[in-house]
1. Can you confirm whether Val247 is surrounded by 20 or more Cβ atoms within 10 Å (Cβ to Cβ) and part of a helix (DSSP H, G or I)?
2. Of all residues being within 18 Å of His87 (Cα to Cα) and part of a helix (DSSP H, G or I) in the range 158-183, which is nearest to the chain's Cα centre (by Cα)? Just the residue, please.
3. From the list Tyr161, Tyr237, pick out the single residue that is crowded, with 20+ Cβ neighbours inside 10 Å and either in the same structural domain as Asp97 (by TED's automatic domain parsing) or under 30 Å from Leu292 (Cβ atoms) (or both).
4. Could you say which residue among Glu86, Glu42 is assigned by TED's automatic domain parsing to the domain that holds Ala175, more than 23 Å from Pro141 (Cβ to Cβ) and more than 20 Å from the chain's Cα centre (by Cα)?
5. Within the range 60-82, work out how many residues are more than 17 Å from Ser12 (Cβ to Cβ) and either touching a residue at least 60 places away in the same chain (Cβ under 8 Å) or of a type in the set (A, V, I, L, M) (or both).
6. Quick one: in the range 95-133, of everything that is among the β-branched types (Val, Ile, Thr) and more than 18 Å from Lys188 (Cβ to Cβ), which residue is surrounded by the most Cβ atoms within 10 Å (Cβ to Cβ)?
7. Checking the conditions here, which among Arg236, Arg228 is farther than 30 Å from Thr134 by Cβ and either acidic (Asp, Glu) or touching a Gly at 6+ places or on another chain (Cβ under 7 Å) (or both)?
Amino acid sequence: MNEAEPQKPLPSVAIIVPTRSRPELLKRCLRQILPYVEEHPECMVVVSDDGDARETHASLGEELNQVKVVQGPRRGPAANRNSGVEHSAGDLLIFLDDDCQPDPNLIHEYRRAAVQYPDCSVFEGRNSAKGAWTSFADTAPVNESGGYLWSCNFAIRRDLYLSIGGFDERFPFPAMEDVDLKFRVEAKSSIRFLPEARVFHEVERRTGWRLLRHHSLSVILYVHLHGRKATGQGSRYFSEAIVRMAVRGFSSYLRRKVTNDFGHLLSMIWASTLILMVVCFWRLHPYLTKRLFPACCVGCRSIHTSLMEGRR
């Protein structure tokens, strides 16, 4: 009788948690995963803080003193996640957001999948919303069946992450940087959905034209970097998006009696309409974008500058 083949060892892991001066949310997230990390010294947690890392480190106290806290570059979440990776060690990188509530078995599920599927380099977890949807401005990164690779819950082998350059730091806002990563990852590896690697995310209300401006600029930058044909985000895509937005808003009203922040729904439709105008006259998109979405901060100006470079 042949001896049973020895089980392959689980990969070493770095859990990357970007934050910006939100110690209470961060501690709630860390308390869910640290018991596992304490039992497995081949796993480490790196918190990259785009605010004040010293204050965050002090706020964690003795309870969470095994967490490595580093100062972020203060150039947005994409650069902040890359900074966390630079200060980490481990063959498998797991990305979580500080406002997520991960399942205690999440790390083990990713490690197990990395051994079970050696030809796959990217794994996305399940994101579930927690709380009631009562406003047109409510949002949560829901991913119940895969296909999104939201940055708040996924794992990637370090060698692939480094080979594609990590997150593109030209995205200064928490918008489209994970969509961009997914686009580049899919050219290198399949993505496997792991429903047991689950996090919960509170439904939160986010409203205001500034937020929509930042998201719109990020969408235009994404199309600029990869091309309309490559992404399939031409005029038809945005026309259909406007229709979907209006239909979804109306159906939400009928099913849930959602009436709060109706103006935000109209603003979202208007922002999508402006994006459609930019895409329809793509040869002029750097100039139209600057006119339709004027800069309100350093991040806006950086995107305007990127649109003038390497035009497609």
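The values are calculated or read from the model by the stated rules, or taken from the named source; none is laboratory data. Keep in mind it's a predicted model, so treat the numbers as computed, not measured. When we count neighbours, we look across all protein chains shown, and the Cβ atoms used for this are built from the backbone with ideal geometry, even at glycine.
1. no
2. Tyr161
3. Values: Tyr237 fails: crowded, with 20+ Cβ neighbours inside 10 Å.
Every option except Tyr161 fails the conditions.
4. Glu42
5. The first filter runs over the range 60-82 and keeps only residues more than 17 Å from Ser12 (Cβ to Cβ), leaving 60-65, 69-82.
Now restrict to residues that are either touching a residue at least 60 places away in the same chain (Cβ under 8 Å) or of a type in the set (A, V, I, L, M) (or both): 60, 64, 69-70, 75-82.
Final tally of qualifying residues: 12.
6. The residue in question is Ile107.
7. Every option except Arg228 fails the conditions.
Here is a yes/no grid of residues against (1) of a type outside the set (S, T, N, Q); (2) modelled with pLDDT of 85 or more; (3) touching a Leu at 6+ places or on another chain (Cβ under 6 Å):
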| residue | (1), (2), (3) |
| --- | --- |
| Gly208 | yes, yes, no |
| Gly227 | yes, yes, no |
| Gln233 | no, yes, no |
| Arg248 | yes, no, no |
| Leu254 | yes, no, no |
| Ala295 | yes, yes, no |
| Leu307 | yes, yes, no |
